[in-house]
Amino acid sequence: MNDFPWLSVLLVLPLLGAITVALLPRGRDALAKQTALGFAAATAVLGIVLAFRFDSGGPRFQFTQSTPWIEAFGVDFALGLDGVALTMVVLSVVLVPLVILASWRDAERSGGTGVPPKRSVKTYFALILALETMMIGVFAATDVFLFYVFFEAMLIPVYFIIGSYGGPQRSYAAVKFLLYSLFGGLVMLVSVLWLFPLSSRKVSEGGLGAATFSFEELSGMTIEPTTAKWLFLGFFLAFAIKAPLVPVHTWLPDLAQQAPPGALVLIVGVLDKVGTYGMLRFCLELFPGAAQWATPVVLGLAVLSIIYGAILAIGQVDLKRLVAYTSVSHFGFIVLGIFGMTYAGQSGAVLYMVNHGFSTAALFLLVGFLIVRRGSARIDAFGGVQKKAPVLAGLFLVAGLSGLSLPGLAPFVSEFMVLTGTFTQYRVAAVLAAVGIVLAAIYILWMYQRTMGGPATEQVSGLSDLSVREKVAVAPVIAVIVVLGFFPQPVLNVINPSVETTQTVLDRPGFRPQITGDVAENGARP
Amino acid sequence: MKAEGFQALAWLLIALPLAGAAILLLGGRRTDKWGHWLGTATSLAAFGVGVGVFVQMLGYGHEERRRTLHLWEFFQAGSLKVDASLLLDPLSISFVLLITGVGTLIHVYSIGYMSHDVDRRRFFAYLNLFVAAMLLLVLGGNYVVLFVGWEGVGLASYLLIGFWQYKPTAATAAKKAFIVNRVGDLGLVTAIMLMFATFGTVGFEQILGTGHEHVGLASQLSTGTATAIGLLLLVGACGKSAQLPLQSWLLDAMEGPTPVSALIHAATMVTAGVYLIVRSGPIFEMSPDAQLVVTIVGAATLLAGAIIGTGKDDIKKALAGSTMSQIGYMTLAAGLGPAGYVFAIAHLIAHGFFKAGLFLGAGSVMHGMNDDVNMRHYGGLFKKMTITGATFGLGYFAIIGVPGLSGWFTKEGIIAAAYEKGGTSGAILGSCALIGAGITAYYMSRVMFMTFFGEKRWADDAHPHESPKIMTIPLVVLAFGSVFAGGWLTLGGFGHFLGPVVGEGEHHGFNPFNPYGIAAFVLMLAGVGLAWRQYGARPVPREQPAGSFLTVAARKDLYGDALNESLLMRPGQWLTRLAVWFDSRAVDGAVNGLAAGIGGSSGRLRRLQTGFARSYALSMFLGASVILAALLAVNVS
């Protein structure tokens, strides 16, 4: 089975689902939903099988396959997963069926925003499945050009989902998202294409002798420092917009406010991770020198994102915007971990990507359930929900607590690793970032108090608790958050070897504590 | 050494109450009928496990009582490696017995106290969660596991203080407690980062050593680093233990049901900071400066708490001020180094008994008074509630330091140890502790007189009555502890028992007739006398009189909240508003403007926003193709 094209199957399965759903006759909405759920579930099972077949002691890239695609440019349709990509793919395929289940009725009423959707119900689910294929592809691509293609192709389903099923300002949000992303993508395209002449130089001139976009070959290529800096910037800008990092973050809150909650889970939980994933994979490994040249500025932006994003989250009056700003803050942590350049920090950052995916998913799903009930995402439309819907409130609290990185829930471990790892290299940045943990307590608990606490207000008097379908959609996410809170090591075992490679490429000296145990054995003082 | 035999089951200590909490929360209404019994049973079972572990520990030689229990690898990446492990030693087991013992009594009491609350099951789930988190805190084998318990306690207190969430004051108090605690946690987490950067590990064994034969890495600390770590740990301790300047949450935390106050204030949460400082002793001992700051914080808090206690008419708030003050004593002792550690812990345990008894007693009074907390509406209750009054009285004698009772032994030790520190600082610290003892006698007598003696000042609908047995039996047990625990610990060799952890120190024979002891006794009598003159001998007005400047300040918690509000909250609100404005106008505006500039004109952008984006996207792709072509051309030529 070793030659079995696992990734092609994984890639094609949701796409096949998308086509099937799209071809169903109009009006068969229930069938469309069930079909979509079936395909998504099958993909999830396949993804989990892959996770178990992955050998963390084996070669870096596994399940590899490669077919020449555009031979003139040396572009291959090359797929493969390392530990980091595997965790991202599993995150994607696990979330998609839950999102479909949670947004079962969102397509009819635009996620409770009160604006009639522009396209049919089945199209919504077809678009979600198409997006899943793009997400798997972007993480599984081991050819830089192929990565770029998926990176841009992702925009299409997202654009249509928001533009067709969003709130009142959906076209503004969709266009803003598209313009931002296209601008970033364009700059990155320049960098990607630049790799072509570089790699096709003769070996004696520092090239690879033949044009290629293969990541593994390119990462061994030496690039003249000034060129590398420009190329790094091209990639970095695209990823910083995608992540998003302050000051290029303003598209996210607008998009969050308008997008249907289910789609938001995928956009913020998975799609934005392409940004941080790209920084770790491409910015650091293709241009290690340039990345270290840019480190101080990037760390500054990361800390700025953490603090600024958190302060803005405190000030929001719209639930979806609030959660979006918390994500800006959390992405700051991820970038901090990646550019702190330490082993622990980078492993923590990747784990953070997984944990944030689940944590944000839980928050957005529950916020979605709230919005559907009240027809509004404004915080002051709620109050005293705990009395009316204790299960919803309880799960909302758990999701919120994971958002403030409470120990015992998954995000704590990753945040601790990022902070501690970064501290060994950049103390000031780590300490400033740690202030985020106080701010997180403020934005989460204040949000909880205003929506769930207090006496049950008139406006929530008819509010019902979670339905079985809603519970089934959100329970697995909460379960993962709790389990990973206590047992994160199995995931870290998959991540660590990939990060170790990155560390080797970066040529970082290992961490040395100031006081070592050598002297302590006999209790002598230095 | 590894834990063997029964001690290998020490994980049950945490697992049992945790399982209780999980069953009660996940089981929902189905568990309503028997939920409180399950919650009490898991806590009692944990106490049983604790006793088993303790007995086995006593069977080991004096120096072999330190055992670690490795559970699983928590997380590891590169050189950052953290195990989920537990440490069983005399210090942690002392806490375990206190937490599970007093905790179980509070569970039992709550069966009666909460019997009319529709959410009693949820209350017991939170109580269980609290006990589990606190046990994890004191049993954790490294600073990260400690931190997990540390924040777990913060969560449980948040849930319990805000138990009656529909009350806006309760929800606000709960949030405040968590956020102020998080400020402290920021200090602790920074300390942990600094420790990892310094030692390359977060394990107690490696950093602190394992007693006599093995000195930990902390012994190699430079003074500067030791001071930094020490002060950061102190920030953490201040948050959890409600020491200045992070005290403000404690006085609001009374919003929770009364058993919560007993649990948080007496047996568990607030003692965590003292535990942290004593546990980290080898680090503090490398920095006299850090130790001095600890003692100053302790002394200042013990006075501030006592003063606040004098001004409160709310019985729970008066006791809350008292808690601040008593924890201040412990912090002061913990800052004195090995000379004070044993007294800090002994006072902590004694305080666990009498303060739990006092709070539960206050709850029992409220129970009989329609949940009225204003002592000006009490008076003459002793005859109506003899058991409550008597047990409360014994707790009162213990806390003011009546010779022979718990508080006398342990507080005496702290005052003497402070003076024996020597020098100006020793004299000042000792005097603070001494003055504090006098004020304690005053405000506690005030509580006693206003509540149980004097004429009746009850509300018209009040029919005071004694509480049911399920509530009074825990009171009796706690009163027993209030009387005997201090003497038993002080005379029974507790110092020697803790020796392997905190250092043997010089063992002074207990001598109550030292000059400090006599001074404390005189001050205590003066405090009681003054309170009698004001609240015993003359009628207490039912309405609060205007009061002097100091009284008003005490009523307002010495303006702690006003200070927080003007220094932190208001500027924070302004900053938030400014940031929101800046983000939507400046940042977003700049980017939009830039886009408009690139697009040609703002008019064009507006048109794009109404639906012509796809054509724009197309033009971008075309642009990209041009650049591609240009690049290729350059390459070819």
Quiz item: Given the conditions (1) within 14 Å of another protein chain (Cβ to nearest Cβ); (2) out of contact with any Asp or Glu (no Cβ under 7 Å at 6 or more places or on another chain); (3) modelled with pLDDT of 90 or more; (4) open to solvent by 40 Å² or more (accessible area, probe 1.4 Å), and given that B:ARG29 satisfies all but one, which numbered condition is not satisfied?
Solution: (3)
Exercise. Look at A:ALA440 and say whether it is surrounded by 15 or more Cβ atoms within 10 Å (Cβ to Cβ), within 9 Å of another protein chain (Cβ to nearest Cβ), of a type outside the set (Ser, Thr, Tyr) and touching a Phe, Trp or Tyr at 6+ places or on another chain (Cβ under 8 Å).
Key: no
Quiz prompt | Among (1) in contact (Cβ under 8 Å) with a residue 60 or more places away in the chain; (2) within 14 Å of another protein chain (Cβ to nearest Cβ), the one test that B:ARG67 misses | solution = (2)
Quiz item: Yes or no: B:GLN165 more than 20 Å from B:SER322 (Cα to Cα), open to solvent by 10 Å² or more (accessible area, probe 1.4 Å), facing another protein chain (nearest Cβ under 9 Å) and outside any helix (DSSP H, G or I)?
Solution: yes
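Go through the range A:307-324 and count every residue that is open to solvent by less than 10 Å² (accessible area, probe 1.4 Å) and not basic (Lys, Arg).
Within the range A:307-324, residues that are open to solvent by less than 10 Å² (accessible area, probe 1.4 Å) and not basic (Lys, Arg) number 8.
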Self-check item: Number of the condition not met by A:VAL187 [criteria: (1) touching a residue at least 40 places away in the same chain (Cβ under 8 Å); (2) assigned to a helix (DSSP H, G or I); (3) closer than 23 Å to A:ILE162 by Cα]
Solution: (3)
Quiz item: What single numbered condition from (1) within 26 Å of the chain's Cα centre (by Cα); (2) farther than 20 Å from B:VAL501 by Cα; (3) in contact (Cβ under 8 Å) with a residue 40 or more places away in the chain fails to hold for B:PRO90?
Solution: (2)
Practice problem: Keeping to the range B:100-116, report how many residues are more than 15 Å from B:ALA356 (Cβ to Cβ) and open to solvent by 20 Å² or more (accessible area, probe 1.4 Å). | Solution: 2
Quiz item: Of the conditions (1) farther than 19 Å from A:LEU351 by Cβ; (2) touching an Asp or Glu at 6+ places or on another chain (Cβ under 8 Å), A:PHE331 fails just one. Which one is it?
Solution: (1)
Quiz item: In the range A:367-398, which residues are assigned to a helix (DSSP H, G or I), within 14 Å of chain B (Cβ to nearest Cβ) and among the aliphatic types (A, V, I, L, M)?
Solution: A:ILE379, A:VAL385, A:VAL391, A:LEU392, A:ALA393, A:LEU395, A:LEU397, A:VAL398
Practice problem: Return only the number of the condition from (1) over 22 Å from B:PHE497 (Cα atoms); (2) modelled with pLDDT of 90 or more that B:ALA320 does not satisfy. | Solution: (2)
Quiz item: Checking A:PRO168 against (1) touching a residue at least 12 places away in the same chain (Cβ under 8 Å); (2) outside any loop (DSSP other than H, G, I, E, B); (3) within 14 Å of chain B (Cβ to nearest Cβ), which single condition isn't satisfied?
Solution: (2)
Practice problem: Kindly list the number of the only condition in (1) in contact with a strand residue (DSSP E or B) (Cβ under 7 Å, 6 or more places away or on another chain); (2) in a helix (DSSP H, G or I); (3) without any contact (Cβ under 8 Å) to a residue 12 or more places away in the chain that fails for B:GLY48. | Solution: (1)
Exercise. With the condition kept exactly as written, say whether any residue in the range A:402-419 is open to solvent by 10 Å² or more (accessible area, probe 1.4 Å) and among the aliphatic types (A, V, I, L, M).
Key: yes
Exercise. Inspect all residues belonging to the range B:218-238 and state whether any of them is facing another protein chain (nearest Cβ under 9 Å), in contact with a Gly (Cβ under 8 Å, 6 or more places away or on another chain), in contact (Cβ under 8 Å) with a residue 24 or more places away in the chain and assigned to a helix (DSSP H, G or I).
Key: yes
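For every residue, the table says whether it meets (1) within 10 Å of another protein chain (Cβ to nearest Cβ); (2) buried (at least 24 other Cβ atoms within 10 Å of the Cβ); (3) more than 29 Å from A:ALA433 (Cα to Cα).
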site: B:ASN128; (1), (2), (3): no, yes, yes
site: B:LEU135; (1), (2), (3): no, yes, yes
site: B:LEU160; (1), (2), (3): no, yes, yes
site: B:THR172; (1), (2), (3): yes, no, no
site: B:MET195; (1), (2), (3): yes, yes, no
site: B:PHE204; (1), (2), (3): no, yes, no
site: B:ILE207; (1), (2), (3): yes, yes, no
Practice problem: Filter the helices (runs of 4 or more DSSP H) completely within the range A:204-306 down to those with at least 3 residues that are without any contact (Cβ under 8 Å) to a residue 60 or more places away in the chain and closer than 23 Å to A:ILE334 by Cα. | Solution: A:225-242
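Only one of these is among the β-branched types (Val, Ile, Thr), open to solvent by 10 Å² or more (accessible area, probe 1.4 Å), at pLDDT 85 or above and over 24 Å from B:PHE354 (Cα atoms): B:ILE473, B:ILE435, B:ILE428, B:ILE439. Name it. Spell out how you get there, then give the answer.
On the way: B:ILE473 fails: over 24 Å from B:PHE354 (Cα atoms); B:ILE435 fails: over 24 Å from B:PHE354 (Cα atoms); B:ILE439 fails: over 24 Å from B:PHE354 (Cα atoms).
After applying the criteria, what remains is B:ILE428.
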Quiz item: Which pairs do you get when a residue that is under 30 Å from A:PHE333 (Cα atoms), found in the range A:382-403, comes within reach of a residue that is surrounded by fewer than 22 Cβ atoms within 10 Å (Cβ to Cβ) and among the basic types (Lys, Arg), reach meaning Cβ atoms under 8 angstrom, with the pair 6+ apart or on two chains?
Solution: none
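The values are calculated or read from the model by the stated rules, or taken from the named source; none is laboratory data. Worth saying up front: this structure is predicted, and the values here are computed from it rather than measured. Positions of Cβ are generated from backbone atoms using ideal geometry, with glycine treated the same way; all protein chains shown enter the neighbour counts. Keep in mind that these areas ignore ligands, DNA and RNA; they rest on the heavy atoms of the full protein, side chains included. Shrake-Rupley method; radii C 1.70, N 1.55, O 1.52, S 1.80 Å.
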